[in-house]
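The values are calculated or read from the model by the stated rules, or taken from the named source; none is laboratory data. These numbers were taken from a predicted model, which means no experiment stands behind them. Cβ atoms come from the backbone with ideal geometry, glycine included; neighbour counts cover every protein chain shown. In case anyone asks, the SASA skips ligands and DNA or RNA and just uses the protein heavy atoms, side chains included. Shrake-Rupley method; radii C 1.70, N 1.55, O 1.52, S 1.80 Å.
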Amino acid sequence: MKIISTNIAKPTTFVWNGQNVTTGIYKKPISQPIFLGKEDVKGDEVSDRKVHGGIFKACYLFSADHYPYWKNLYPHLEWTYGMLGENLTVKGLDEKELHIGDIYKVGNALVQITQPREPCFKFAAKFKSSEVLNQFISHGYPGTYISVLEEGTVTINDTFELIKKAKNSISTYDFFQLLYAENKNKAHIKSIIDNDALPQRKRERLKRFL
């Protein structure tokens, strides 16, 4: 996996249901390295810290390999990397190979795979589509958030070195399917409910399905 774009956002305001909403989803590529902090990317806008930022969502990664799929669906949009709201656009990122809890070295930071992105109304507003949320879920490749175990700087062309593979875990792809499945895979839940890479509150919610 290799970083091909580093992206940050300035606060952007749009109107939703008659109210002004501020978001950091409008990320744009920058040429400089970015600093991965424990709870966010330095200089990046995180407007709603109830659902973004924090130790389990310090930085968001999305695969460059899925850009053609989205460009084909929305060719009228102005496309740059960062369009899916990611801080790091990563070539070769495969959600079926990433497991919750995997630890990687990238640049001079140490990071851990935590959880897939769950799309919200801000994503729909950016794409100007009422269908994009269902499309994102059905496509099944949501990218991943990471925790930053050791803060550091990353830049374009940095590669991810696997330091430690998670034990008794499931892939980011399978976990994303689990979140939205009507009939939850109980074996997958049992594999993930004791994984410290996930927030306790999310694990407690999953336990209810056992």
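Structure values in brief
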{"read-out": "Cβ-derived FRET efficiency at R0 41 Å, Cys120 paired with Lys190, nearest 0.05", "value": "0.90"}
{"read-out": "Per residue accessible area of segment 27-91, 1.4 Å probe, in Å²", "value": "50 Å²"}
{"read-out": "Size of electric dipole in segment 1-111: Cβ of Lys, Arg +1 and of Asp, Glu -1, about Cα centre, debye, nearest 20", "value": "200 debye"}
{"read-out": "Gain upon complete extension [Glu39, Asp94; 0.36 nm per residue less C-alpha separation]", "value": "17.4 nm"}
{"read-out": "Rg/Rg_globular for segment 1-41, with Rg_globular taken as 2.2 N^0.38 Å and Rg from C-alpha atoms", "value": "1.50"}
{"read-out": "For segment 93-210, accessible area per residue (1.4 Å probe, heavy atoms of protein chains only), Å²", "value": "48 Å²"}
{"read-out": "Estimated distance in nm for a label pair at Tyr74 and Thr22, the labels positioned 7 Å out from Cα along Cα-to-Cβ", "value": "2.3 nm"}
{"read-out": "Per-residue [θ]222 nm for the chain (sum of -39500 (n - 2.57) over DSSP H runs n ≥ 4, rounded to 500)", "value": "-6000 deg cm²/dmol"}
{"read-out": "Segment 94-127 versus segment 155-209: alpha-carbon centroid distance in Å", "value": "11 Å"}
{"read-out": "Sites matching trypsin sites (Lys or Arg not before Pro) across segment 145-197 that sit in DSSP coil, with at most 12 neighbouring C-beta atoms within 10 Å", "value": "Lys165, Lys167"}
{"read-out": "Pairs beyond 24 Å (Cα-Cα), from Lys96/Lys167; Lys96/Lys164; Lys96/Lys128; Lys96/Lys165; Lys71/Lys96; Lys57/Lys165", "value": "Lys96/Lys128"}
{"read-out": "Förster-model FRET efficiency, 25 Å R0, Gln200 and Ile137, C-beta, rounded to 0.05", "value": "0.55"}
{"read-out": "Gyration tensor verdict on segment 63-137 (Cα atoms; rounded if a/c is under 1.5, prolate if a/b is larger than b/c, oblate otherwise)", "value": "prolate"}
{"read-out": "Length gained when the stretch Glu182-Thr13 is fully extended (0.36 nm per residue, less Cα-Cα span)", "value": "57.4 nm"}
{"read-out": "Only Lys, Arg (+1) and Asp, Glu (-1) charged, at Cβ; segment 108-182 dipole about Cα centre in debye", "value": "120 debye"}
{"read-out": "Value in Å of the Kirkwood radius, where segment 105-202 supplies the Cα pairs that are averaged", "value": "15.3 Å"}
{"read-out": "For segment 88-129, projected area of the alpha-carbon convex hull averaged over all directions, nm²", "value": "4.2 nm²"}
{"read-out": "The chain, accessible surface, carbon-and-sulfur percent (1.4 angstrom probe)", "value": "48 percent"}
{"read-out": "Shape call, segment 1-92: gyration tensor on alpha carbons, a/c limit 1.5", "value": "oblate"}
{"read-out": "Charge dipole (debye, nearest 20) of the chain; +1 at Cβ of Lys and Arg, -1 at Cβ of Asp and Glu", "value": "480 debye"}
{"read-out": "Distance from segment 128-144 to segment 1-78 (C-alpha centre basis), Å", "value": "15 Å"}
{"read-out": "Spacing of the two label points (7 Å from each Cα toward its C-beta) at Asn168 and Arg208, in nm", "value": "2.4 nm"}
